[in-house]
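Computed from the coordinates by the stated procedures, all read-outs in this text should not be read as laboratory data. Everything numeric here is computed off the predicted structure, so don't read it as measured data. Here the Cβ positions follow ideal geometry from the backbone for every residue, glycine too, while neighbour counts run over all protein chains shown.
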Amino acid sequence: MSLIGRDEKDVIIIDNSPTSYMLQPECALPILSWYNDLSDIMLKQYIPLLIDLSKLNDVRDAIPHFCRNNVVDLELAR
């Protein structure tokens, strides 16, 4: 993530593979794979959360409170 040149406090990684964000788990929102599932709406369900996170000074302060063991608890995130 350091290669993109952005401050980590302003970056969120959304990925289905924990390997992709293992070095920055405090910036990560895990998501289920959507391959070949035309009815998948998981990313849409993240929209209110992403809007709220966009208002924070540092996303790393919030994400660990509702994201554990590669699972996002949307109830805790509210």
Amide H contacts under 5 Å for L29, placed H, 5+ residues apart = I13, I14, D15
message = Give me the percent relative contact order of the chain, please, defined on Cα pairs under 8 angstrom at least 6 residues apart.
response = 32
request  = Using the Cα centre as the reference, give the magnitude of the dipole from point charges on the C-beta atoms of the chain (Lys, Arg: +1; Asp, Glu: -1; all else neutral), rounded to the nearest 20 debye.
outcome  = 60
query = Quick one: if you stick a label point 7 Å off each Cα along the C-beta vector at D52 and T19, how many nm between them?
reply = 3.2
query = When the helix-only estimate is applied to the chain (DSSP H runs of n ≥ 4, each -39,500 (n - 2.57), divided by the residue count), what is the mean residue ellipticity at 222 nm, nearest 500 deg cm²/dmol?
reply = -7000 deg cm²/dmol
note = Using the Kirkwood radius over Cα pairs of the chain, the Stokes-Einstein translational diffusion coefficient at 20 °C and 1.002 mPa s, in µm²/s and rounded to a whole number, is 164
request  = Report the chymotrypsin sites (Phe, Trp or Tyr not before Pro) located in the chain that are in a DSSP loop and have at most 15 other Cβ atoms inside 10 Å of their Cβ, or state none.
outcome  = W34, Y35
key: Of L49, L23, L38, the one that fluctuates the most in a GNM where the chain has Cα springs shorter than 10 Å   = L38
ask   = If you build a Gaussian network model of the chain, linking Cα atoms that sit under 10 Å apart, which residue out of P25, P64, P48 swings the most?
value = P48
note = Quick calc, N69 & I41: beta-carbon distance into FRET formula, R0 22 Å, rounding 0.05, result 0.45
